Amino acid sequence: MNLATMRDNVEKDLDDAGNAIWSAAEIDRAITRALVEYSKVNPLRAVTTIDVTSETREFDLSGLSGLLRLAMVWWPYTAAEPEYPPNWVKFRVWANTLYLQTEDLPQSGDVIRLYYLKKQTIDGLEGATATTVPADDEEVVILGATAYAALEKARTAVGKVSVSQETPEHWRKWGNERLLEFKAGLDFVRDREATAEDARVGPWEVEGAEGGI
């Protein structure tokens, strides 16, 4: 499902297929909010590498799009003959800076491998070119988007004349009901992923091919 299709589904659930009440931009904002919350319980797993160009323990992570949390750091790493067992090192992350808590100083020419969690994507939203949300969970994101759209409209519609016969209080009540359903859906996803994590054996299942930053 791409953004256009998801937007259409959100508008249908809001009974506003013609965008008389919610603009496309408002719908997209609501989808973005729902996607962020969904990604917190089911983030995308990804791997990348850093090519060290100077002696330092600090590295910029701003090039990692959608980064939620850095999970593991492997250094030194040799792609041609990966070390075994991996040399996992301690680290800290502050803002967009990775700091390696290592006794030795990384040298120019070294490679650092990063395992991290990132936000899920929807094709067409925020420049994404692919949808990574599992098909079974797309309705969860749609549910969250309708809740956020209704609640935002309830907030902004107070004291304004609307083409709809619905009142801000109606949107608030309906939005809160949908929000509870959305949270229940997130709880289900969280429990499902926790069960899958317990059963997972072997290396990380990651999104796409590796790339450097």
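Table for the structure above
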quantity	calculated
Flag for D104 being in the same structural domain as L68 (by TED's automatic domain parsing) and over 14 Å from the mean Cα position of the chain (by Cα)	yes
Residues satisfying the stated conditions in the range 60-96, i.e. surrounded by 13 or more Cβ atoms within 10 Å (Cβ to Cβ), without any contact (Cβ under 8 Å) to a residue 40 or more places away in the chain and outside any loop (DSSP other than H, G, I, E, B)	F91, V93
Options A130, A194, A147; residue that is within 30 Å of N9 (Cβ to Cβ), without any contact (Cβ under 8 Å) to a residue 24 or more places away in the chain and outside any loop (DSSP other than H, G, I, E, B)	A194
Residues (buried (at least 18 other Cβ atoms within 10 Å of the Cβ) and either of a type in the set (D, E, K, R) or touching a strand residue (DSSP E or B) at 6+ places or on another chain (Cβ under 8 Å) (or both)) located in the range 103-131	P106, I112, R113, L114, Y115, Y116, K118, K119, Q120, T121
Exclusive hit being modelled with pLDDT of 90 or more, over 19 Å from D8 (Cβ atoms) and in the same structural domain as T32 (by TED's automatic domain parsing), set K153, K183	K183
Test: residue in the range 106-120 that is among the polar types (S, T, N, Q), at pLDDT below 95 and not in a helix (DSSP H, G or I)	no
Boolean, E37 is within 12 Å of the chain's Cα centre (by Cα) and among the acidic types (D, E)	yes
Looking only at the range 60-86, and only at residues there that are hydroxyl-bearing (S, T, Y) and in contact with a Lys or Arg (Cβ under 9 Å, 6 or more places away or on another chain), the one that is modelled with the lowest pLDDT	S65
Selection count where residues are among the hydroxyl-bearing types (S, T, Y), over 18 Å from L125 (Cα atoms) and in a loop (DSSP other than H, G, I, E, B), scope the range 11-59	3
Residues within the range 23-52 that are out of contact with any strand residue (DSSP E or B) (no Cβ under 7 Å at 6 or more places or on another chain) and within 19 Å of E138 (Cβ to Cβ), tallied	16
Some residue of the range 90-98 being closer than 23 Å to A196 by Cα and either of a type in the set (D, E) or at pLDDT below 95 (or both)	no
Filtered residues of the range 20-44 (kept if loosely packed, with under 15 Cβ neighbours inside 10 Å and at pLDDT below 95)	A20
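The values are calculated or read from the model by the stated rules, or taken from the named source; none is laboratory data. Nothing here was measured: the structure is a model prediction, and the numbers come from that model. In this analysis, Cβ positions are derived from the backbone assuming ideal geometry, glycine residues included, and neighbour counts consider all displayed protein chains.
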